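**Student:** Next up is a structure, given as structure tokens.
Please treat every number below as a calculation from the coordinates, not as lab data. Computed from a predicted structure; not experimentally measured. Cβ coordinates were reconstructed from backbone atoms using ideal geometry, including for glycine residues, and neighbour counts include every protein chain displayed.
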Amino acid sequence: MAETTLLATFTSDFGTRDGYVAAVKGVMLAVAPGLTIVDVSHEIAPQQIEQAVFVTGQAWPFFPPGCVHLVVVDPGVGTDRAAIALRGPRGYAVGPDNGCLSAFVPEEARALMDALRDRPFGPLGFRLPAGYEARAIENPAIVRAERSATFHGRDVFGPAAAHLAAGFPFDEIGPPLERVWLLPPFEGHRAADGVHGRVVHIDRFGNLITSIRGSQLPEGPAELEIAGHRARFVRTYGEGRGLVALVGSSGYVEMALVNGSAAARTGVSVGAPAIVRGR
């Protein structure tokens, strides 16, 4: 076997109320007893692939080379969607082929042609750039013999990720894939009335993080509107009163409530429309 990494991250929409996360970790540790598993988040909203991509995109770049990144946000579990593993210059990613592994692939390789920019946002079939490979997880040696139709995290993805971390040869996982489903990069859409986007994540503090990049803000004063709620831009969370808008540490525009929760104040959820307008 190849040199071992024994480091994996784990992201899911399982939450922590049930035993799902523990079951996946137990299977992984049975395969690779010395494996360190770092939880990125298990509070992804159910079936929210876009949110999973945003959250992993904020965490994965800070992990050392060779890490295996596991994502189980899988609304198509049990269907004919593929189970895949990706290999790139900095490590591996494992999960369903539904776009949830998008943050593993550089943004420039996921950019849309101008002709496609007006299409509804969602995963598209992309060819991987040079230095990246994809394989279908089909080798029976790296998955559980008895597989539930509804829990591939435990029976397919977790074991496959642990085997990769323990040095299982990537080329033996299964057949190569020419295309995989990926989300295009997060960015706002410029229109005559402003820059349009949507809420892609709500963090622990209730901040409404949008797909609009800070680099897309107009020059001069501006305001952010999310589902009818408006806020003026400030520099930090402690400035202003009530709802405020700012560019967060992720580099994206967000709405916050000073000393409170913007999510609770507005009742907004992931997917809500957002627009930045000049004032």
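**Student:** Specify which residue in the list 229, 21, 216 is farthest towards the positive end of the charge dipole of the chain, using unit charges on the beta carbon of Lys, Arg (+1) and Asp, Glu (-1), about the Cα centre.
**Tutor:** Checking the options against the dipole of the chain, the answer is 229.
**Student:** Which value in nm describes the separation of the simple spin-label points at residue 189 and residue 22, placed 7 Å from the Cα toward the beta carbon?
**Tutor:** So the label points at residue 189 and residue 22 sit 4.5 nm apart.
**Student:** Using the charge dipole of the stretch 139-178 (Lys, Arg: +1 at Cβ; Asp, Glu: -1 at Cβ; taken about the Cα centre), state which of 177, 150, 164 has its Cα farthest towards the positive end.
**Tutor:** So the residue we want is 150.
**Student:** Next question, about the same structure. Between residue 172 and residue 30, what FRET efficiency comes out of the Förster formula 1/(1 + (r/R0)^6) with R0 = 25 Å and r the beta carbon distance, rounded to 0.05? List each step's numbers first, then the result.
**Tutor:** Details: r = 20 Å, r/R0 = 0.79.
Efficiency, from the Cβ-Cβ distance: 0.80.
**Student:** A follow-up question, please. Check which residues have an amide H placed less than 5 Å from residue 9's amide H, if you skip close sequence neighbours.
**Tutor:** Residues meeting the amide H criterion: 38, 68, 69, 70.
**Student:** Also, I was wondering about something else. Grab the other residues whose beta carbon is less than 13 angstrom from that of residue 217, score K and R as +1, D and E as -1, and report the net.
**Tutor:** Its environment carries a net charge of +2.
**Student:** Residue-wise, which Karplus ³J(HN,Hα) couplings in Hz belong to the stretch 142-149, taking 6.51 cos²θ - 1.76 cosθ + 1.60, θ = phi - 60°, and x for glycine or proline?
**Tutor:** Karplus values, whole Hz, x for Gly and Pro: 10, 10, 6, 5, 9, 10, 6, 6.
**Student:** Something else about it: What's the magnitude of the charge dipole for the stretch 189-278 around its Cα centre, counting Lys and Arg as +1 and Asp and Glu as -1 at the beta-carbon? Answer in Debye, nearest 20.
**Tutor:** 80 debye
**Student:** Amide H of residue 222: which non-local residues (sequence gap of 5 or more, or other chain) have their own amide H closer than 5 Å, using H built in the peptide plane?
**Tutor:** HN-HN under 5 Å from residue 222: 233, 279.
**Student:** In degrees from 0 to 90, rounded to the nearest 10, what is the angle of the helix 49-59 Cα long axis to the longest principal axis of the chain?
**Tutor:** 90 degrees
**Student:** Size of the dipole of the chain about the Cα centre, Lys and Arg at +1 and Asp and Glu at -1 on the beta carbon, nothing else charged, in debye to 20?
**Tutor:** So the dipole magnitude of the chain works out to roughly 660 debye.
**Student:** Please work out the Cα center distance from the stretch 201-256 to the stretch 69-106, rounded to the nearest Å.
**Tutor:** First find each Cα centre; the distance between them is then 30 Å.
**Student:** For the stretch 11-136, with only Lys/Arg (+1) and Asp/Glu (-1) charged at the beta-carbon, what is the dipole magnitude about the Cα centre, in debye rounded to 20?
**Tutor:** 300 debye
**Student:** What are the residues whose amide H is under 5 Å from the amide H of residue 91, where those residues sit 5 or more places off or on another chain and H is modelled from the backbone?
**Tutor:** Amide H to amide H, under 5 Å and 5 or more residues apart or across chains, residue 91 pairs with 66.
**Student:** Still on this structure, I have one more. Calculate how steeply helix 20-31 sits against the longest principal axis of the alpha-carbon atoms of the chain, using the helix alpha-carbon long axis, and give the answer as 0 to 90 degrees to the nearest 10.
**Tutor:** Once rounded, the angle reads 40 degrees.
**Student:** Based on alpha-carbon positions alone, could you give the equivalent ellipsoid semi-axes of the stretch 189-278 from the gyration tensor, as √(5λ), descending, whole Å?
**Tutor:** Details: eigenvalues 64, 40, 26 Å².
Here the semi-axes work out to 18, 14, 11 Å.
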